[in-house]
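Accompanying notes for the structure given below.
The values are calculated or read from the model by the stated rules, or taken from the named source; none is laboratory data. Being a predicted model, the structure only gives us computed values, none of them experimental. Positions of Cβ are generated from backbone atoms using ideal geometry, with glycine treated the same way; all protein chains shown enter the neighbour counts.
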Amino acid sequence: MSNRTFTMIKPDATAAGNTGKIIDKIIEAGFSIKAMKWTQLSMEDAQKFYAVHAERPFYGELCEYMSSSPIVAAILEKDNAVESFRNLIGATDPTKAEPGTIRAMFATSIAANAVHGSDSDENAAIEGSFFFAGRELA
Ligand code: IDP
Ligand code: MG
């Protein structure tokens, strides 16, 4: 079991001014920040990052949305980080997310759902290295 996961605060949340509140929730939940940056994805970046979803009907919409405003990318550390962070953010569809989860509090739709969280240790490592060089980790 790895102790690291990868997250993005998504365009709807940065545009709505919720970045600070979401980072507070993450820290209050016991995660420590190993690396963090504010940046904006190009359409090509988003297509590459979400290549695993290329066959899904919402892929075009997802990539347009993810490149529409800045995002915050971060590598987080905690015991059992991947599962623990998925529990903190809640279900993909905010209408199904448990009360108190980040998506229940900040997401506006199934697409604009405030945060990304890696779904496995393997993908956490791949996604983290998409944004960060090893020397950028604190
Ligand atoms: P996850 O982010 O909870 O892991 P995934 O199934 O991996 O959910 O989907 C990746 C992202 O694609 C979601 O977070 C959301 O932004 C978007 N997405 C998922 N399902 C839909 C949909 O049915 N319509 C539009 N966008 C979707
Ligand atoms: Mg996913």
Is it fair to say Ser42 is more than 15 Å from the chain's Cα centre (by Cα) and touching a residue at least 24 places away in the same chain (Cβ under 8 Å)? yes
Quick check: anything in the range 23-41 farther than 17 Å from Asn113 by Cβ, at pLDDT 95 or above and within 16 Å of ligand 2 (Cβ to nearest atom)? no
How many of the residues making up the range 89-138 are surrounded by 14 or more Cβ atoms within 10 Å (Cβ to Cβ), touching a residue at least 60 places away in the same chain (Cβ under 8 Å) and small (Gly, Ala, Ser)? 8
Those residues that are within 13 Å of ligand 1 (Cβ to nearest atom), out of contact with any strand residue (DSSP E or B) (no Cβ under 7 Å at 6 or more places or on another chain) and either of a type in the set (S, T, N, Q) or touching a residue at least 60 places away in the same chain (Cβ under 8 Å) (or both), I need them from the range 53-82; list them, please. Ser67, Ser68
Considering only residues of the range 121-138 that are of a type in the set (Phe, Trp, Tyr) and either touching a Ser or Thr at 6+ places or on another chain (Cβ under 8 Å) or part of a helix (DSSP H, G or I) (or both), which is farthest from ligand 1 (Cβ to nearest atom)? Phe131
In the range 94-120, which residues are of a type in the set (Asp, Glu) and within 9 Å of ligand 1 (Cβ to nearest atom)? Asp119
